[in-house]
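Data block below; observations after.
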Amino acid sequence: MQVLYFASIREQLGLEAEQIEFSADTSNVQALIAYLCSIHDERWSEALGDPNLLVSVNQELSSLDTGLTGTDEVAFFPPVTGG
Amino acid sequence: MQVLYFASIREQLGLEAEQIEFSADTSNVQALIAYLCSIHDERWSEALGDPNLLVSVNQELSSLDTGLTGTDEVAFFPPVTGG
Amino acid sequence: MRMVSIQTEDFSIEHETNQLRVSTPEAGGIATFTGLVSDLNREQKIESLFLEHYPGMTEKQLEQIVDQAEQRWKLLGTRIIHRVGLLHPQDQIVFVGVSSRHRKDCFEACQFIMDYLKTHATIWKKESSEQQSEWLDARESDKAEEQKWK
Amino acid sequence: MRMVSIQTEDFSIEHETNQLRVSTPEAGGIATFTGLVSDLNREQKIESLFLEHYPGMTEKQLEQIVDQAEQRWKLLGTRIIHRVGLLHPQDQIVFVGVSSRHRKDCFEACQFIMDYLKTHATIWKKESSEQQSEWLDARESDKAEEQKWK
């Protein structure tokens, strides 16, 4: 699946997007976060552990227990500040 | 004093403005209305007897008991409909 | 910064908002309302609208409405234009633009000014359709809009 | 009639309101809000603002906000433009324009769209002053503005 990072999260990780192989370890958002932290350095546990972190799945705001499939687009970002 | 008529009142009376000599008969708005009705035809008693009639003295919204002097500008008009 | 104008000429919303932008550089936003001549009223097709006003008094009242708005909200700039004379469907009648640091102040003040202008400014409309020409009556809904600010 | 655009280019409020006028001839009014880059934030002089967004999701969310507004008010036309990229003080950031038969619907829908856009659209601002560059935090006041529509 496609994982995207935006704004301060993107800057903190130095990464815009990455392709993650779907597996039993990435079957929902919470599992995906744990998996991402396990394959990356501590910047990921810091950024994705932020209590204000927002996540979307296929461009819809989602939560930690939202289920995932291999074709999903998952994005992590901070609270929005447009307007 | 200067008496002005606006909008439907002006049309009803066929008059935009008239100069009225100040006297004991025109010492407040109510007296002025009675005086105007006495010197004009019945269109005045109809128009100035309308319960929705508004009156201003020196361009401030006023009431029947507002006192008048010889230099005042008095205007009669219907409820406003701008905007 | 404030401007109040009663005029027969049309206005440019771009010009008005630019004036607000340039004269109030600390503004975070500008709310505007533009009133238009509708093509329909009470199921009748409108051909034209004639607007009359009380010169001098109208401007004074609009200034007083802006005074009240400035007491209630933190405003930076206010521009009000009301056209008079003969207008046709889709023509612009009225413009109210307000700039402020915060959008809530802009929105509320702009709506307040329009609601008060509708019920306080000495301006009258005569509407002509194919059938007839008549002076409009004041609307109960406009009085209700004004009441909510009390 | 609705239009939603996320763009780097500036916009013309005249063009936008004209589009609303022409496409909705039965409109009695148009309410607009234009958000500007302020020259000051938390006592610091702002030099520039960088706006990033989530392409695709932002547009989808704005469409959903317009759907909600159309369910709550009788609207004729809605146009939303949000700029992204590098902006400077006094630049226009966002435009919301709403046309309707009645001004109350215009005003409320325009304010509702701005309040929801602020709290729902996936757009982020990074502010640069002489001292530093930092991503802005969401404002409590914006959450409060959104809550009032519940």
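The table below lists the values:
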item	result
Residue in segment A:55-74 that is in a helix (DSSP H, G or I) and in contact (Cβ under 8 Å) with a residue 40 or more places away in the chain present	no
Selection within segment C:80-121 - polar (S, T, N, Q) and under 15 Å from C:L36 (Cβ atoms)	C:Q90, C:Q92
Residues that are out of contact with any Ser or Thr (no Cβ under 7 Å at 6 or more places or on another chain) and either more than 14 Å from chain B (Cβ to nearest Cβ) or hydroxyl-bearing (S, T, Y) (or both), drawn from segment C:110-143	C:Y116, C:T119, C:S129, C:E130, C:Q131, C:S133, C:S141
Among the candidates D:G77, D:G29, D:G85, residue that is within 28 Å of A:A75 (Cα to Cα) and among the small types (G, A, S)	D:G85
Residue in segment C:81-100 that is without any contact (Cβ under 8 Å) to a residue 12 or more places away in the chain and more than 10 Å from chain B (Cβ to nearest Cβ) present	no
Hits in segment D:13-39 (condition: buried (at least 21 other Cβ atoms within 10 Å of the Cβ), over 16 Å from the mean Cα position of the chain (by Cα) and within 22 Å of C:K104 (Cβ to Cβ))	D:G29
Matching residues in segment B:7-37 - criterion: being surrounded by 21 or more Cβ atoms within 10 Å (Cβ to Cβ), within 10 Å of the chain's Cα centre (by Cα) and within 13 Å of another protein chain (Cβ to nearest Cβ)	B:I9
Verdict on C:R42 being charged (D, E, K, R) and crowded, with 22+ Cβ neighbours inside 10 Å	no
Subset tally (residues that are touching a Phe, Trp or Tyr at 6+ places or on another chain (Cβ under 9 Å) and among the β-branched types (V, I, T)) for segment A:30-64	2
Selected residue (criterion: farthest from C:V37 (Cα to Cα)) from residues of segment C:122-136 that are within 18 Å of the chain's Cα centre (by Cα) and assigned to a loop (DSSP other than H, G, I, E, B)	C:T122
The lone exception for C:R72 - which of (1) under 30 Å from C:E26 (Cα atoms); (2) within 9 Å of another protein chain (Cβ to nearest Cβ); (3) surrounded by fewer than 19 Cβ atoms within 10 Å (Cβ to Cβ) it fails	(2)
3 or more residues of a type in the set (F, W, Y): qualifying strands (runs of 3 or more DSSP E) within segment C:1-87	none
Of residues in segment C:14-69 being small (G, A, S) and more than 7 Å from chain D (Cβ to nearest Cβ), the one farthest from C:L86 (Cα to Cα)	C:S23
From the options D:K60, D:K74, residue that is free of Cβ contacts under 8 Å to residues at least 24 places away in the same chain, over 19 Å from D:F11 (Cα atoms) and not polar (S, T, N, Q)	D:K60
Among (1) buried (at least 22 other Cβ atoms within 10 Å of the Cβ); (2) farther than 22 Å from B:F6 by Cα; (3) not small (G, A, S) - the single one C:L62 does not satisfy	(2)
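Table: residues versus (1) among the basic types (K, R); (2) outside any loop (DSSP other than H, G, I, E, B).
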| site | (1), (2) |
| --- | --- |
| A:L4 | no, yes |
| A:E18 | no, yes |
| A:L36 | no, yes |
| A:R43 | yes, yes |
| A:P51 | no, no |
| A:P79 | no, no |
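We did not get these values from a lab; they are worked out from the coordinates using the rules stated. As the structure is a computational prediction, the values presented were derived from the model and not from experiment. Methodologically, a virtual Cβ is constructed for each residue, glycine included, from the backbone with ideal geometry; neighbour enumeration extends over all protein chains shown.
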